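Novice: My questions all concern the structure below.
Rule-based calculations on the coordinates, nothing more; no lab input. All values reported here derive from a predicted model rather than from experimental measurement. Cβ sites come from the backbone with ideal geometry, for glycine too, and all protein chains shown count toward neighbours.
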Amino acid sequence: MSLTLLFILLAVGASLYAWNNESILRRWVMNPYEVNRRNEYWRFITSGFIHADIGHLAFNMISLYSFGGLVESIFSQISPMGNLLYVALYIGGIIISDLPTYFKHRNNPNYNSLGASGGVSSVIFAGIMFAPTTSLYLFFIPIPIPGWIFGGLYLAYSYWESRRGAGYINHSAHLWGALYGIAFAIAAYPPVIGMFIEQIRG
């Protein structure tokens, strides 16, 4: 079984379990106040495997499935520890993407967030670093968009929305997960920078 499929099954199972157990949902969601006051650090990980509803779950898992196989395959080719790298990318993305949220809301008992978006963004942007010209389709745009253009637009939008702070979507997690994915790809395989540039030039 691929790690991508394993992560998807874990997210589906954890979400279904939490939807049917309110106390588990409250205990697993990212609540920076509880982390700060009660040292409940597991929330950095558990919050990345539970989702608000079926739409939220489906969107994240379809996105992960679309890029996960590519990134898994690349990591297995560039390192004998490819599986470990992939786990560090995905789980690290979930944790790192929540750190800005934690520091911003650690004194706010009413703030909660959940979902795999940070980890998924990490995988997507690591994939874009290795294959920047791969075409992506957005739900509201019926034409393919090169990955590197999508990535730039996504980063700009996430930055803008995270600064605006409106709505219920944690755009900060999307932004930092994406940046972590880029940094991780470069750290894992420095030649990816040249590969990225050459593919765009080509």
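Novice: Only Cα pairs under 8 Å and at least 6 apart count here; give the relative contact order of the chain as a rounded whole percent.
Specialist: Result for the chain is 23 percent.
Novice: So how much slack lies between M81 and E22, counting 0.36 nm per residue of separation and subtracting their Cα-Cα distance, in nm?
Specialist: Additional length available on full extension: 17.4 nm.
Novice: So what are the radius of gyration and Dmax for the Cα set of the chain, in Å?
Specialist: Over the chain's Cα set, Rg and Dmax evaluate to 16.8, 53 Å.
Novice: Less than 20 Å from a label point 7 Å out along the Cα-to-Cβ axis of I149: which backbone N atoms in segment 175-202 qualify, by residue?
Specialist: 196-202
Novice: What's the extension gain from R164 to D53 if we count 0.36 nm per residue and subtract their Cα-Cα distance?
Specialist: 37.5 nm
Novice: Turning to a different aspect of this structure: Taking the Cα centre of segment 40-191 as origin, sum charge times position over the Cβ atoms of Lys and Arg (+1) and Asp and Glu (-1), and report the length of that vector in debye to the nearest 20.
Specialist: Dipole magnitude for segment 40-191 comes out near 300 debye.
Novice: If you don't mind, there's one more thing I want to ask. Please list 45-54, 90-99, 192-201, 13-22 highest first by mean number of surrounding beta-carbon atoms within 10 Å per residue.
Specialist: Order by mean packing, descending: 90-99, 45-54, 13-22, 192-201.
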